[in-house]
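Step one of this worksheet: look at the structure below.
Coordinate-derived values only; no laboratory data. All figures in this text were calculated on a predicted structure; none of them were measured in a lab. Counting neighbours? That spans all protein chains shown, and the Cβs are built from the backbone with ideal geometry, glycine included.
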Amino acid sequence: IDAPRAHVRIDRRAATRSAVVDYEQGLDLPELDLPTLAMPLHNMYFGGVTAAMYEPGVGLTGAADPRRTGAVAVTTP
């Protein structure tokens, strides 16, 4: 959830409508034959994710993405 992300988009403004790889700093990209654009870590451009998981014997856990100021609260009865 907290890991750096990448997104491939088509630059429709370019005459060739070429693909561009936008990525968060901290992501080690392999050498690409496409133009790239580095963005700050945890950039809101890459959206947000939340997750919940239940494990017997452990209980409920949750995680929230800091890109969208996510938060998690788990309460017990």
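For the chain, the spread of Cα positions along the three principal axes, ordered from largest to smallest, is 60, 23, 18 Å.
Over the chain, what is the percentage of antiparallel beta bridges among all DSSP beta bridges, to the nearest 5? Intermediate results must be reported in sequence, preceding the final value.
Values: 11 of 15 bridges.
The answer is about 75 percent antiparallel.
Tell me, GLU55, GLU24 in order of fewest to most beta-carbon neighbours within 10 Å? Show your work: numbers first, answer last.
Details: GLU55 8, GLU24 19.
Lowest to highest Cβ neighbour count: GLU55, GLU24.
Other residues lying with their Cβ under 15 Å from the Cβ of GLN25 contribute a combined charge of -2, Lys and Arg counting +1, Asp and Glu -1.
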